[in-house]
């Protein structure tokens, strides 16, 4: 599976084809309102109809919604296949699963626990082999905490050329990024020249500002926010919007829209949830609660409490955060970007620029080490 922006609009879209039923007036044969789909699910579960087979379930559905409700076994495709039954209720295509236990995903996000929180946020828009490469590097680093395995791994994935492509073909296409494009460009240039602390402290400002812009597009009350709790509310709202967009074109029981139900297989929601964990436990962790070196804490970086953040890996952590914020913008429909960070004539110029800056910066670091 490829983590591409095109997948954002394609993966997870259920393949539902609305059926037409004759009894669409919202009433049963007896004249009462039709039973809710959640109530029918529990009836099928409690009577053992799901265990007895399709005939028993279809019989219950037809008893509530009429013989023309089109009740039949159906597999709902939303990242993972969910077995159940499709039917028409009050003119709307509905679905109930045959089990309340959520499916498990076979996608690449099972790497999430390793990549989230204290190490790295899960990078979207990558091939699974890249994720596996990063995970292997993190595991290798566990035996040598001061090693640079992860740094070199990320440097091979996010090369100067790749950063130029992301900058021109992705970031510049998103409204929430535009006020910060020059700032981001300056931070990348600073890093390529070897000024890591300047790049890291600068990118923290950009990431925070972009998340604020995304929040303001969702709700104007998020304009001008600065606190951890307010930013966490933005991320929670993003999760709520993703949950609301799940299973398009079909009505499902309420429990299928619970975050706890969906986290096991909805890869988009899982990525955002891990981002929120990373944001609250790494970037916005209370300085008094940080164990060990304060190497990636917003408060300590911006207030000069510690200079332990002067590490290349922190630059990559924040660049991945930029990629993630772009990914979120596309999920929410804030951007028309629809291809996997394509190479364009403009991006080639930026990539060439960054390649030359990196080469010059490397020579300068050799001749005039900091």
Where labels lie 7 Å past Cα in the beta-carbon direction, separation of residue 148 and residue 68 in nm: 7.4 nm
Pairwise label distance in nanometres, residue 289 with residue 55, each label 7 Å out on the Cα-Cβ vector: 5.8 nm
From fewest to most C-beta neighbours within 10 Å, the residues 213, 38 line up as 38, 213
If one computes the Cα centroid of the stretch 72-94 and of the stretch 341-365, what distance in Å separates the two points? 49 Å
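Can you sort 189, 367, 139 from fewest to most other Cβ atoms within 10 Å of each residue's own Cβ?
On the way: 189 18, 367 7, 139 12.
Ranking 189, 367, 139 by Cβ neighbours within 10 Å, fewest first, gives 367, 139, 189.
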Sorted on mean Cβ neighbours within 10 Å (highest first), peptides 353-363, 40-50 come out as 40-50, 353-363
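Percent antiparallel among DSSP beta bridges with both residues in the chain, to the nearest 5?
Values: 14 of 15 bridges.
Expressed as a percentage, antiparallel bridges in the chain total about 95.
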Rounded FRET efficiency, nearest 0.05, which uses the C-beta distance separating residue 281 from residue 245 and R0 of 22 Å: 0.25
Based on DSSP H runs of at least 4 residues, each adding -39500 (n - 2.57), what is the mean residue ellipticity at 222 nm of the chain after dividing by all its residues, to the nearest 500 deg cm²/dmol? -15500 deg cm²/dmol
Would you calculate the separation in nanometres between label points at residue 139 and residue 101, each defined as 7 Å from the Cα along the Cα-to-beta-carbon direction? 2.7 nm
Rank by packing, highest mean first: peptides 308-320, 56-68, with packing defined as the count of other Cβ atoms within 10 Å averaged across residues. 308-320, 56-68
Given 37 °C and 0.692 mPa s, compute D for the stretch 82-230 with the Stokes-Einstein relation, Rh being the Kirkwood radius over Cα pairs; round to the nearest whole µm²/s. 173 µm²/s
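Quote the relative contact order of the chain in percent (integer), defining contacts as alpha-carbon pairs under 8 Å separated by 6+ residues. If you can, show how the numbers build up before the last one.
On the way: 537 pairs, mean separation 92.7, N = 370.
This gives 25 percent for the chain.
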Would you give the gap between the C-alpha center of the stretch 241-294 and the C-alpha center of the stretch 203-230, rounded to a whole Å? 18 Å
With the calculation restricted to Cα positions, what are the radius of gyration and Dmax of the chain in angstrom? 24.5, 89
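Each reported figure results from applying straightforward, stated rules to the coordinates on display, with no laboratory input. Worth saying up front: this structure is predicted, and the values here are computed from it rather than measured. Positions of Cβ are backbone-derived with ideal geometry, glycine not excepted, and every protein chain shown enters the neighbour counts.
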